[in-house]
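Here's the structure we're looking at; comments come further down.
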Amino acid sequence: MTAIVIDGKAFAAKVRGQVAEHVSRLKDEHGLVPGLAVVLVGEDPASQVYVRNKGKQTVEVGMASFEHKLDVTTSEADLLALIDRLNADPNVHGILVQLPLPDHLDSDLVINSIDPAKDVDGFHISNVGLLGTGQRSMVPCTPLGCLMMLRDHHGSLSGMNAVVIGRSNIVGKPMAQLLLGDSCTVTIAHSRTADLPGVVRQADIVVAAVGRPQMVPGDWIKPGATVIDVGINRIEKPEGGTRLVGDVDYAGCAAVAGAITPVPGGVGPMTIACLLANTVTACCRANGLAEPQGLTA
Ligand code: GUN
């Protein structure tokens, strides 16, 4: 079998198109411009690239982008004061504090100081609890993007066996909650899981989110399964230079799977598209308007 390649780049472009349509309607019918504030503390190069891309795409879909770049020595009190101002600002519907934060800042404290209604990352403890109890919440962007691709490919996920490899708060745990919400039978596997190959071989859906390059070989995959690769790892090429690879051995898994997301061009582009979708959702909720269909969990 040669897997269908799920094109996350094209899917993300479609989601951005839907977001742009909603933004245009909010402007025309309600005079509203959804606004996203991104806070970056320090100069981590990867974070700078992410923040730049977020700002650019926010503007491209017609939303307002507010970037706050703070010095690496910024105190917790100053950061919390900025978040208070953004919480109170009616032009800001979504707030994202780029992680990781410098060591002297308490990430949990900072994230939990964001108004949960503006927490477009879905990391606030209230949103985590709401998602875990099946209530309306803001949903973390990467798992939301994975869910959208899975629903698009399969229609209903009901009754499918899903194995999520990785138990992070950002991807693994919320991904498992979303799959459970769509009536999958869900296993969260991790570094201590006994017989990981045997567990993964049971899966109709495999979501790999461990951050270890190419750790899932093709012979762990049940023939015809769908493989969603969340990993983005930079490795050395034998001939020199580097390249990006996921958490699965792409060639090996694509030979067995029914469908697979590539790296790059799979899950990655969906994350920012879902951030924009969450910002529109937050804007609609804040103004008592109907939420955009198909852009939420
Ligand atoms: N750093 C890497 N990914 C993310 C993300 O999805 N949200 C935030 N806030 N920081 C990140």
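Laboratory data are not the source of any read-out in this text; all were calculated from the coordinates shown. Just so it is clear, the model here is predicted, and its values are computed rather than measured. FYI the Cβ positions are ideal-geometry reconstructions off the backbone, even for glycines, and counts take in every protein chain you see.
Normalising by the residue count of region 1-160, find the relative contact order in percent from Cα pairs under 8 Å and 6+ residues apart.
19
For the chain, just give the cysteines left without a disulfide-compatible partner, judged by no other Cys Cβ under 4.7 Å.
146, 184, 253, 283, 284
Starting from the Cα of residue 118, draw a straight line to each of the aspartates and glutamates and keep only those under 17 Å, dropping any in the same chain fewer than 8 residues away.
67, 84, 89, 108, 291
Per 10 Å bin from zero, what fraction in whole % of the C-alpha pairs of region 36-173 is there, up to the bin with the longest pair?
All Cα pairs, binned at 10 Å, distribute as 11, 37, 35, 14, 3 percent.
Net charge around residue 268, counting only other residues with Cβ within less than 10 Å of its Cβ (Lys, Arg = +1; Asp, Glu = -1)?
0
Under a 10 Å cutoff between Cα atoms, tell me which one of 45, 100, 116 has the largest fluctuation in the Gaussian network model of the chain.
45
What ranking do 271, 279 get, fewest neighbouring Cβ atoms within 10 angstrom at the top?
Ordered by Cβ neighbours within 10 Å, fewest first: 271, 279.
Work out how much length residue 20 to residue 81 would gain on full extension: take 0.36 nm times their residue separation and subtract the Cα-Cα distance, in nm to one decimal.
18.8 nm
For Cα pairs less than 8 Å apart in space and 6+ apart in sequence, what is the mean separation divided by the residue count of the chain, i.e. the relative contact order in percent?
Over the chain, the number comes to 22 percent.
I need 250, 50 ordered by Cβ neighbour count within 10 Å, fewest first.
50, 250
Per the Cauchy relation, a quarter of the hull surface: what is the mean projected area of the convex hull of the alpha carbons in region 48-104, in nm²?
4.2
Throw me the Rg/Rh for region 89-149, computed over C-alpha atoms with Kirkwood Rh, two decimals.
Here Rg/Rh amounts to 0.99.
Answer rounded, prolate or oblate for region 116-245, using the Cα gyration tensor with square roots of eigenvalues a ≥ b ≥ c: rounded when a/c is under 1.5, else prolate when a/b is larger than b/c, else oblate.
Working: a/c = 1.92, a/b = 1.33, b/c = 1.45.
It is oblate, given that a/c is not under 1.5 and a/b is not larger than b/c.
Just to confirm the number: angle between the C-alpha axis of helix 172-181 and the first principal axis of the chain, 0 to 90 degrees, nearest 10?
So the inclination is approximately 80 degrees.
Search the structure for amide H atoms under 5 Å from the amide H of residue 32, placed 1.01 Å from N in the peptide plane, and list their residues when 5 or more places away or on another chain.
27
Over region 1-90, with a single point scatterer placed on each C-alpha, what log10 of the ratio I(q)/I(0) does the Debye formula yield at q = 0.14, 0.21 1/Å?
Cα-only, vacuum Debye calculation for region 1-90: -0.68, -1.07.
Select from 119, 229, 195 the residue whose mean-square fluctuation is largest in a Gaussian network model of the chain (Cα-Cα springs shorter than 10 Å).
195
For every helix of n ≥ 4 consecutive DSSP H residues, a contribution of -39,500 (n - 2.57) applies; sum these over the chain, divide by its total residues, and give [θ] at 222 nm rounded to the nearest 500 deg cm²/dmol.
Calculated at 222 nm, the ellipticity per residue is -12500 deg cm²/dmol.
Could you put 242, 185, 58 in order, starting from the residue whose Cβ has the fewest other Cβ atoms within 10 Å?
Going from least to most buried by this count: 242, 185, 58.
In Å, what Rg and Dmax follow from the Cα atoms of the chain?
19.2, 57
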